[in-house]
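> The following block contains the structure, expressed as structure tokens.
The values are calculated or read from the model by the stated rules, or taken from the named source; none is laboratory data. This structure is a prediction, so every number in the text was calculated from the model and none was measured. Here Cβ is always computed from backbone atoms with ideal geometry, including for glycine, and neighbour counts include all displayed protein chains.
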Amino acid sequence: MKNALKTISLALLVCAGCSKKSTARAPDAAARVKPDMASARPKTQPKPKPQPKPKTAKLAGRDFIREAKALMKLAACAGDGELPPKVRQATWKRHCARIKRRMQQYRDNYIKHMKPFLAKLQPAGLPDVVVYPFGGGDLLSALLTYPDAREITSLSLEQVGDPRRVLAITNKMADDTLKILRETIDGLLALDDSTSVNLMKMQRGAIPGQLAFFLVALAVHGYEPLSLRYFELGEDGAVRYVDDARITELDGKRSRQLSGGWTRPDFSPAFRYGELRFRRAGAPDAKVQVHRHLGANLSNGVLGKSGFNAQSPVTRHLERKGKIKAMTKAATYLLWRPGFSNVRDYLIKHAVFMISDSTGLSPLHARRAGFRYRTFGRFDGAFFKNRAKNKHSMALVGVYKRQPRRSVPMRFGYPDVDGHPHMMVVYKKGIAAAKGASK
């Protein structure tokens, strides 16, 4: 018992000593810290919370991305969309075997050889907005020529088309229409050129032809669609996306025939203008690019506001873009004609750089506005023999003769009157000097 009491007493003495030692040190530590320094001691800051990525503003209007992906799967045999339910696998695989060969030929020829050639011609600092007049169905060439464009606008008499029909298409309709699609797009994939007759064939039927062409172009170049919307233009040229109510309102109306002798579309005018947003497939961080197509008559207002005149919403829409780079090809030499002077004047005013075949700007119009030329291939006269000797053709022949013969890897639009491939770059003074362009 005595030993136990002794042990307890010793423990209490040790503990008391520890307490005194602790209390004795506290004042010494505090004394070493000056009052003004103590108040300046930094407080522990909480770690900043990671900021969420800014949300992209949701666009108005009806988004037909489901239909776009289904059409891309059906027509271009690409993407993650679902095949329309009534289309048989055998029908689709037969189509894919044929069109994929053509798509690969385009990659092996134009993307392999022409794309790097075109890229080397373009100096830094050009606008990232492209306008392509008379560019019916030809997003394929626009992405070949200007792959990094933020925005591409193509214009032609052909209208985009109603995507709703795709989901209900029967196997027989799909088989018949896909055959027409292959026939009509063949020239574009093989020769970088589409005839007006072929483009008109796809303005009626179960598959919207222009839209199908655009989706094939995305597949060939390795892009995926993100949204598909249709729009109208306000009087000021601003884009106004159509919603379900507006589509219902227009469903009972027929699209206008934009030019005499041109095939009238069999779909609602709600589907005349369309917008695809897209990015590199499988690359979620890639930039989003925009393609808009306007079904419009580019003549000098022969059909009122559907034509290209100062009062047209189409004109005002293009004016809003400011400075642009442009392209055209296989455009039947319309830019040479007086009846298309308004669209020609628009290009002269707003384009700082333009790539085209001989159907682009005539030297008789462009040189007086300060443009210069750099020529490629051989040009001995316009592709159409009845225009090979006119004043614009002969002026362009003179431009080619005064410049050294530079090769062009592939045909770009029309050949000349004797079948020679050719191409030209037209640019404002000072723009292409770094590329060694000839005067």
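> On the given criteria, is ALA97 of a type outside the set (D, E, K, R) and within 24 Å of ALA283 (Cβ to Cβ)?
no
> In addition: When you look at ALA124, is it modelled with pLDDT of 95 or more and either under 19 Å from the mean Cα position of the chain (by Cα) or of a type in the set (Gly, Ala, Ser) (or both), yes or no?
Spelling it out, it is not the case that ALA124 is modelled with pLDDT of 95 or more and either under 19 Å from the mean Cα position of the chain (by Cα) or of a type in the set (Gly, Ala, Ser) (or both).
> For the list (1) farther than 21 Å from VAL408 by Cβ; (2) hydroxyl-bearing (Ser, Thr, Tyr); (3) touching a Gly at 6+ places or on another chain (Cβ under 7 Å), I need the number of the one condition that TYR346 fails.
(3)
> Among the residues of the stretch 76-93, write down those that are surrounded by 13 or more Cβ atoms within 10 Å (Cβ to Cβ) and part of a helix (DSSP H, G or I).
ALA76, THR91, TRP92
> Suppose we keep only residues that are of a type in the set (Gly, Ala, Ser) and not in a helix (DSSP H, G or I) within the stretch 135-160. Which one would you say is nearest to the chain's Cα centre (by Cα)?
ALA149
> Of the conditions (1) crowded, with 23+ Cβ neighbours inside 10 Å; (2) in contact with a Lys or Arg (Cβ under 7 Å, 6 or more places away or on another chain); (3) over 20 Å from PHE278 (Cβ atoms), ALA174 fails just one. Which one is it?
(2)
> Please specify each residue of the stretch 354-380 satisfying the condition of being basic (Lys, Arg), under 12 Å from VAL408 (Cβ atoms) and not in a loop (DSSP other than H, G, I, E, B).
Residue satisfying the conditions is ARG374 alone.
> Further question: Cβ contacts < 8 Å: first residue under 22 Å from ALA310 (Cα atoms) and touching a residue at least 60 places away in the same chain (Cβ under 8 Å), restricted to the stretch 343-364; second residue among the basic types (Lys, Arg) and part of a loop (DSSP other than H, G, I, E, B), any location; separation 6+ or different chain. Result?
HIS350/LYS321; HIS350/LYS323; ALA351/LYS323; VAL352/LYS323; GLY360/LYS329
> Look through LYS112, LYS73 and report the one residue that is more than 30 Å from ASP357 (Cα to Cα) and in a helix (DSSP H, G or I).
From the options LYS112, LYS73, the qualifying one is LYS73.
> Okay, next question. Filter the stretch 323-353 for residues that are outside any strand (DSSP E or B) and β-branched (Val, Ile, Thr); which is surrounded by the fewest Cβ atoms within 10 Å (Cβ to Cβ)?
Here the residue is THR332.
> Residues that are among the hydrophobic types (A, V, I, L, M, F, W, C) and modelled with pLDDT under 65, at least 3 per element: which helices (runs of 4 or more DSSP H) completely within the stretch 169-267 meet that?
196-201
> Count, please, the residues in the stretch 227-240 that happen to be surrounded by fewer than 16 Cβ atoms within 10 Å (Cβ to Cβ) and within 19 Å of the chain's Cα centre (by Cα).
So the answer is 2.
> Sort out which residues of the stretch 354-396 are over 23 Å from LYS325 (Cα atoms), surrounded by fewer than 21 Cβ atoms within 10 Å (Cβ to Cβ) and at pLDDT 95 or above, and write them in order of number.
ARG378, ASP380, GLY381, LYS391, MET394, ALA395
> Would you mention how many residues in the stretch 133-174 are over 19 Å from LEU228 (Cβ atoms) and of a type outside the set (A, V, I, L, M)?
10
> Is it true that LYS73 is modelled with pLDDT of 95 or more and in contact with a strand residue (DSSP E or B) (Cβ under 9 Å, 6 or more places away or on another chain)?
Taking the combined requirement at face value, the residue does not satisfy it.
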